[in-house]
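These notes concern the structure reproduced below.
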Amino acid sequence: MQRVFTLSERDAPSSPVQFAWQKTVGNYIAVAGHNHTVKIFDRHGQKKNEIILPGNCIAMDWDQDGDTLAIIADKAICIYLWDANTNKISLIDTSMREPMSFLRWSKAEPLLAAGTAKGNVLIYNRQTSRKIPILGKHTKRITCGCWSGGKFIALGGEDKLVTISNHEGDTIRVTTVRGEPSDMEFIVMKTDDRTGGNETTVCIVVAQKTLYIYNFRDPENPIELAFQPRYGNIVSYKWYGDNYIMIGFSLGCFVVISTHVREIGHEIFQAYDHKDNLTSIAISQSLNKVASCGDNCIKIHDLSDLNEMYAIINLEDENKGLDQLSWTDDGQLLAVSTKKGTIHVFLTKLPILGDSYSTRIAYLTSLLEVTVANHIESELPITVSVEVEPNFVAIGHYHLAVGMNNRAWFYVLGESSVKKLKDMEYLGTVASMCLNSDYAAARFEGKVQLHMIESERSNTQEERETRLFPDTDDKNKILCHALTNDFLIYGTDTGAIQYFYIEDWQFVNEYHHSVSVRNIFPDPNGSRLVFVDDKSDGFVYCPVTDIAFEIPNFQPTIKGILWENWPMDKGVFVAYDDDKIYTYIFHKDTIQGSKVILAGGTKVPYSHKPLLLYNGELTCQTQSGKTNSIFLSTHGFLGPLNDLERNELKQVLIQTLILKRFSEAWEVCKLLNDHSSWNELARACLHHMELEFATRVYRTIRNVGMVMSLEQIKGIEDHNLLAGHLAMYTNNFNLAQDLYLASSCPVAALEMRRDLQHWDNALQLAKRLAPDNIPLLSKEYAVQLEFTGDYVNALAHYEKGITGDSKFQEHDEACLAGVAQMSIRMGDIRRGVNQAIKHPSRMLKRDCGAILESMKQFSEAAQLYEKGQYYDKAASVYIRCKNWAKVGELLPHVSSQKIHLQYAKAKEADGRYKEAVLAYANAKQWDSVIRLYLDHLNNPEKAVSIVRETQSLEGAKMVARFFLQLGDYGSAIQFLVMSKCNNEAFSLAQQHNKMEIYADIISSEDTTNEDYQSIALYFEGEKKHFQAGRFFLLCGQYARALKHFLKNPNADDTMAIEMAIETVGQAKDEALTNQLINHLMGESDGIPKEAKYLFRLYMALKQYREAARTAIIIAREEQCAGNYRNAHDVLFSMYSELKTQKIKIPSEMATNLMILHSYILVKIHVKCGDHLKGARMLIRVANNISKFPSHIVPILTSTVIECHRAGLKKSAFGFAAMLMRPEYRNKIDLKYKKKIEAMVRRPDTAEAEEPTTPCPYCEFLLPECELLCPGCKNNLPYCIATGRHMVKDDWTVCPHCDFPALYSAFRNLLQYESTCPMCSEKVEIMSLKKTADCTPYLKPEVEQ
């Protein structure tokens, strides 16, 4: 609380004083001390007048308007009146002979009641100067009294009487009280029905102890309230609010009671505000506050919550204590008197005066002080002391204006100081003022004066210095005005809003509203304006487009508007009243056009006046002369977002989208991280036509379709066309249509409706925009109507769709097809069928046939099916008509087995079995075919062949029964097994000694172990060991199977040993294996078996290393016996198996295979006429001749002859010489003996060098038939086609055995031989592929 001034009585210090505030306006305070004077001071503490009295002041009172102060003095018989308006003093002669003791003005009338020391009364009418003396009202001094709101006066005196009189002085009621009355007030008692009554009740303090409540309409039932002695005496009471009374007691407490009859006597609240004493209480209804004083402090409570202490004022230098307390009616000033005669006046409520310009604000901080601040730009506040208490404040870029009535003072604002510029008087009382950087505009009495603040005295500028609006010939009254940097804008009582452009000094825009414009609020640059009309409706006006947009939910209590000053947030403004701030945003560019949206509301703290809005922060002025910042609830996204719950984040997202704060919305969506939030942001961007941002969002959520769509329309400059596309993307199709039609490309509306299949709309648009499209649209619409079952309209639209133009033949055919189908559906079958038959489409005939079939029109349906070549359907419908003749005609074309079956049954019933058999066969009903062949056509051979072909179980049973009847048990058993009747077949075989037949049949079938075991047991009993062993093997009883195989007589020894090996291989039982090995070695019967069996055993047991060793032995035996091909095949198969199992191949096996393969290649090369290759291979074989003991001489002879043919004379001589050895000479074939002898006698050793090729490992050049590289010492892979070593760049492999070959040589060989020389499998030339990377084949597979 700010102390405004202090008054002290110099002439009579240390004695109490009395004072009274001027009622209503509170501009003056009257102070009476003990020096026979009453001094009048204004609200700033300046003495206005001094009234000298003949004695000390006894009482003084202001009338209800505050115009006149009445004073009575000790021992004086007259009344002093001081007029506040004229500052003059007048006297009223009371004509009474005794001094005055009491004085009180009426609350409603200009009536003054004065009481005398002897109990007489004078009522004075100030308006008429009439005086009414009333004698004998009381018998002793009148000490107190009060007026009602009407014309009753209650008086109390030392005679302990209370009188109630009317304004004429007539006594209405008299009552006696128990002590001296004081402090009287009329109150309104609360009645039972909670409604207010008239002021017929007087509240009186009696003897400072009790509260006496007396209703003169009900004089028999007064209420007297006594209080606890610990409270002390009643000092003062005040009536307030909803008929409550607050009572202050001398010992420091105050209590609140209700005047309701049922609640009287009940203390609603009590508080001990003061420790020692309480001297006075005062209530301000306008502030809704109560103050109490006592000790040396003042305590102020809020009436809405008495528990809340609003303020405490300590007066520590007042050691004698405080006395009286009083507020001005407006609650601005609180005066307290002290026991030592001082009066302190405090400022409790400052007039809320303030203004803003851009981000700068000016506001009243004391009655004679204005503060200019710019918190946004962090400027230091500047304090300006003003000469008068202002009624208005205005701030500009460089200036401050304050003023009252018709005068204004202008100040120039420096960086840290203020200089008074000038003061100016206007032609009337200034209602409001606005400033910009150069001009001031003052509104008074329906006019606005625009003038320069700092005049430039030059002739050229003179007419631009000042101007009065409106012009003299314009009778409009200006009700509001505003000033921006460029424009003076004002609104009139006729609803006109005028824009005056200061630069050109002329009007540039005018808007006419239907009713008068009460207030206008332009945005910072004047491009938008909010105005409030006489109906309290709000509008946003855009002078560029000259359109006003109504503000939704605009409250009639709105006091003002503030536009957002943050440059990035254009279009946001707030409307405020006493309780709430409403945030609005003006969306200028949306797909729905411009509109105003209510974003939300924020509660206003008590007595806060908004001055400035910047980025959601509202700077408000308070009653205490300070500013306070409020953050709008609609701008919650400006705070920290990480701490918010998910639901709160969703609310924040909604706020950001409403306010077009897309960057903040992006951050919120990142925190929410769900698809729906991103979509919401994207839709909002589309709504506001923010294509770039929308594209960015859709890219983030990977909506490729929308990104591509937006990229396509980015370059469109036509606003309506662009908005139409965006409205379509947001599914607002009606709006999109309106926008398209208003654009430069109205046909887009038709395209949209067509794509959406809104055919009614599309047809209406086509009539206006593209009549050529009507047939196409009619056809599409007809299709939809047909789908929904509206056949009448579908037929009409199909007919409309026919163009008759050969360019649209396909379209017309579709329409004619629709006409055919709709005609049938409508019952015009003849027209529909004829149309369908004429139509070239098969599908139409099928569809029409289906419709007719559903309508039970079978003959027409079948006819159309047949015409459309839908023979199955036609036959089916003919069957429903029982038209078998037609069915028979169609059967060759029918593929449906069901139809064939129906026809077959019909023919069988007619006894036409041959036709029935054919039909059953077409229907794949083989059981029926077999039945007819056996039962009716006597053709069992055909039946048997069908059973064998189809494997029909039921058919097999029928055939089995047939053969059983004929006594052919073997055939019967075979067909019983085929029909899965194994038990019957076994019994039959056992019964007729046909078990071998049964066993042969069942072993080729998929049969259970039980069946195999039963056969095995049968053969075991018959001592047929091989058969018993075979079936024990099949049922998995390996030990028994092996026992029987080994018992088998020698005649079938080979087969039995093979089966024994298979048994051991499957059993994987070491004991059985050892048993078989012992048998093969001859340990059981003393006869060793051939090594091949041991080889097969090791292979069966997958013991490949042992098998390999055995294979080498077998191959050696075969080789020695001259069976070179067998030896080759044994080694090859073993080699392949070891390769498959990834086991290293023994080098002996690899070498033997290579030599044997070289021998086999000789025949192939000689056969092909390639003697050189043959000779080279024979040289390799002859060098290893010891491995061919059976054919040494023939092989050497062949070598000599082939070498001679190939020109290898030296090699031929060498081998010829070998043949001349004694052990070979006599074995030479006589045909060649002489020739060979001649070679030896006349040797010719001429021989060309063998060509060289690179080693595939190290690129060393070596002879092409050499298989050991001298460079890297590697054994080289050899070609299976030539026997030469492989080269890297001519590499292929056999598709079957994977052995390498030279690509070119293998292709040449395959032209003569169709099989692989190694594996003897057939190879196609086309299947050979050149191997690009031969590295895998160079890894050693052979043991080194």
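Of all residue pairs spaced 6 or more apart or on separate chains, those with beta-carbon atoms under 7 Å, a first member in segment 1269-1280 that is without any contact (Cβ under 8 Å) to a residue 60 or more places away in the chain and within 22 Å of Asp1298 (Cβ to Cβ) and a second member that is crowded, with 18+ Cβ neighbours inside 10 Å and among the aliphatic types (A, V, I, L, M) are Leu1276/Leu1267; Leu1276/Met1286; Cys1279/Met1286; Cys1279/Ala1301; Cys1279/Leu1302; Cys1279/Ala1305. Could you pull out the residue among Gly55, Gly66, Gly45 that is small (Gly, Ala, Ser), within 18 Å of Cys146 (Cα to Cα) and either assigned to a loop (DSSP other than H, G, I, E, B) or open to solvent by 50 Å² or more (accessible area, probe 1.4 Å) (or both)? Matching residue, one of Gly55, Gly66, Gly45: Gly66. Summed over segment 1268-1317, residues that are closer than 22 Å to Lys1142 by Cβ and part of a loop (DSSP other than H, G, I, E, B) total 11.
For segment 259-266, state whether one or more residues are within 24 Å of Gly331 (Cβ to Cβ), part of a loop (DSSP other than H, G, I, E, B), under 60 Å from the mean Cα position of the chain (by Cα) and acidic (Asp, Glu). Explain how you work it out, then say what you get.
The first filter runs over segment 259-266 and keeps only residues within 24 Å of Gly331 (Cβ to Cβ), leaving 259.
Retained after the next criterion (residues that are part of a loop (DSSP other than H, G, I, E, B)): 259.
Of the ones still in play, those that are also under 60 Å from the mean Cα position of the chain (by Cα) are none.
The answer is no; no qualifying residue exists.
If you go through segment 239-276, how many residues are surrounded by fewer than 17 Cβ atoms within 10 Å (Cβ to Cβ) and either under 23 Å from Gln18 (Cβ atoms) or hydroxyl-bearing (Ser, Thr, Tyr) (or both)? Residues meeting the conditions: 4. The residues of segment 501-544 that are under 39 Å from the mean Cα position of the chain (by Cα), of a type outside the set (A, V, I, L, M) and either over 27 Å from Arg464 (Cβ atoms) or assigned to a strand (DSSP E or B) (or both), listed by number, are Phe521, Pro522, Phe531, Asp537, Gly538, Phe539, Tyr541, Cys542. Across segment 18-30, which residue is nearest to Leu69 (Cα to Cα) among those that are open to solvent by less than 10 Å² (accessible area, probe 1.4 Å) and assigned to a strand (DSSP E or B)? Among those that are open to solvent by less than 10 Å² (accessible area, probe 1.4 Å) and assigned to a strand (DSSP E or B), it is Ala30. Of all residues in segment 579-599, those being in contact with a helix residue (DSSP H, G or I) (Cβ under 9 Å, 6 or more places away or on another chain) and modelled with pLDDT under 90 number 5. For segment 285-308, a residue qualifies if it is assigned to a strand (DSSP E or B) and more than 16 Å from Ser624 (Cα to Cα), and the qualifying residues are Val290, Ala291, Ser292, Cys293, Gly294, Cys297, Ile298, Lys299, Asp305, Leu306, Asn307, Glu308. Say we look at segment 537-556 and pick out the residues that are more than 20 Å from Leu613 (Cα to Cα) and in contact with a Ser or Thr (Cβ under 8 Å, 6 or more places away or on another chain); which of these is most open to solvent (accessible area, probe 1.4 Å)? The selected residue is Val544.
When you scan segment 1304-1323, how many residues do you find that are open to solvent by less than 80 Å² (accessible area, probe 1.4 Å), out of contact with any Lys or Arg (no Cβ under 7 Å at 6 or more places or on another chain) and closer than 22 Å to Ala1127 by Cα? Give the derivation first.
At the first step, the residues of segment 1304-1323 found to be open to solvent by less than 80 Å² (accessible area, probe 1.4 Å) are 1304-1306, 1309-1310, 1313-1320, 1323.
Of the ones still in play, those that are also out of contact with any Lys or Arg (no Cβ under 7 Å at 6 or more places or on another chain) are 1304-1306, 1309-1310, 1313, 1316-1320, 1323.
Going one step further and asking which of them are closer than 22 Å to Ala1127 by Cα, we end up with 1313, 1316-1320.
Qualifying residue count, segment 1304-1323: 6.
Scanning segment 761-775 for residues that are aliphatic (A, V, I, L, M), open to solvent by 60 Å² or more (accessible area, probe 1.4 Å) and farther than 25 Å from Leu722 by Cα turns up nothing.
Against the condition β-branched (Val, Ile, Thr) and more than 34 Å from the chain's Cα centre (by Cα), how does Ile547 come out, does it pass? Quick ask: steps written out before the conclusion?
Working: β-branched (Val, Ile, Thr): yes; more than 34 Å from the chain's Cα centre (by Cα): yes.
Yes, satisfied.
Ala682: in a helix (DSSP H, G or I) and touching a residue at least 24 places away in the same chain (Cβ under 8 Å), yes or no?
Numbers: in a helix (DSSP H, G or I): yes; touching a residue at least 24 places away in the same chain (Cβ under 8 Å): yes.
Yes, satisfied.
Here the condition is being at pLDDT 85 or above and loosely packed, with under 14 Cβ neighbours inside 10 Å; of Glu1250, Glu1264, Glu1259, Glu1202, it holds for Glu1259 alone.
A count restricted to segment 600-655 and to residues that are in a strand (DSSP E or B), β-branched (Val, Ile, Thr) and in contact with a helix residue (DSSP H, G or I) (Cβ under 7 Å, 6 or more places away or on another chain) stands at 1. Across segment 182-207, the qualifying residues are those that are assigned to a loop (DSSP other than H, G, I, E, B) and on the phi > 0 side of the Ramachandran plot, and the one among them that is modelled with the highest pLDDT is Ala207. Among residues of segment 364-415 being among the polar types (S, T, N, Q) and assigned to a loop (DSSP other than H, G, I, E, B), the one that is surrounded by the fewest Cβ atoms within 10 Å (Cβ to Cβ) is Ser378.
Here are Lys595, Lys626: which of them is of a type in the set (D, E, K, R) and either touching a strand residue (DSSP E or B) at 6+ places or on another chain (Cβ under 7 Å) or farther than 30 Å from Leu353 by Cβ (or both)?
Details: Lys626 fails: either touching a strand residue (DSSP E or B) at 6+ places or on another chain (Cβ under 7 Å) or farther than 30 Å from Leu353 by Cβ (or both).
Selected residue: Lys595, the only one of Lys595, Lys626 that is of a type in the set (D, E, K, R) and either touching a strand residue (DSSP E or B) at 6+ places or on another chain (Cβ under 7 Å) or farther than 30 Å from Leu353 by Cβ (or both).
Inspect all residues belonging to segment 825-843 and state whether any of them is in a loop (DSSP other than H, G, I, E, B) and polar (S, T, N, Q). Steps first, answer last, please.
So the first thing to find is which residues in segment 825-843 are in a loop (DSSP other than H, G, I, E, B), and the list is 826-828, 839-841.
If we keep only those that are polar (S, T, N, Q) too, we end up with 841.
Looking for residues that are in a loop (DSSP other than H, G, I, E, B) and polar (S, T, N, Q), one finds at least one in segment 825-843, hence yes.
The set of residues in segment 752-782 being hydroxyl-bearing (Ser, Thr, Tyr) and over 16 Å from Glu810 (Cβ atoms) consists of Tyr781 alone. Scanning segment 808-834 for residues being open to solvent by 10 Å² or more (accessible area, probe 1.4 Å) and without any contact (Cβ under 8 Å) to a residue 24 or more places away in the chain gives a total of 9.
Among the candidates Phe507, Phe444, single out the residue that is closer than 29 Å to Glu387 by Cβ and free of Cβ contacts under 8 Å to residues at least 60 places away in the same chain. Lay out the reasoning, then the answer.
Working: Phe507 fails: closer than 29 Å to Glu387 by Cβ.
Answer to the selection: Phe444.
Please tell me if Trp505 is crowded, with 18+ Cβ neighbours inside 10 Å and either at pLDDT below 95 or in contact with a strand residue (DSSP E or B) (Cβ under 9 Å, 6 or more places away or on another chain) (or both). Taking the combined requirement at face value, the residue does not satisfy it. Restricting the first member to segment 1141-1155 and to residues that are small (Gly, Ala, Ser), and the second to residues that are surrounded by 16 or more Cβ atoms within 10 Å (Cβ to Cβ), the beta-carbon pairs closer than 6 Å and six or more apart or on different chains are Ser1147/Val1342; Ala1150/Val1342. Scanning segment 423-446 for residues that are charged (D, E, K, R) and assigned to a strand (DSSP E or B), we see that the one that is surrounded by the fewest Cβ atoms within 10 Å (Cβ to Cβ) is Glu425.
The values are calculated or read from the model by the stated rules, or taken from the named source; none is laboratory data. In this text the structure is predicted, and so the values were computed from the model without any measurement. As a convention, Cβ positions derive from the backbone with ideal geometry for all residues, glycine included, and neighbour counts pool all protein chains shown. Just the protein is used for accessible areas: all its heavy atoms, side chains included, with ligands, DNA and RNA removed. Shrake-Rupley method; radii C 1.70, N 1.55, O 1.52, S 1.80 Å.
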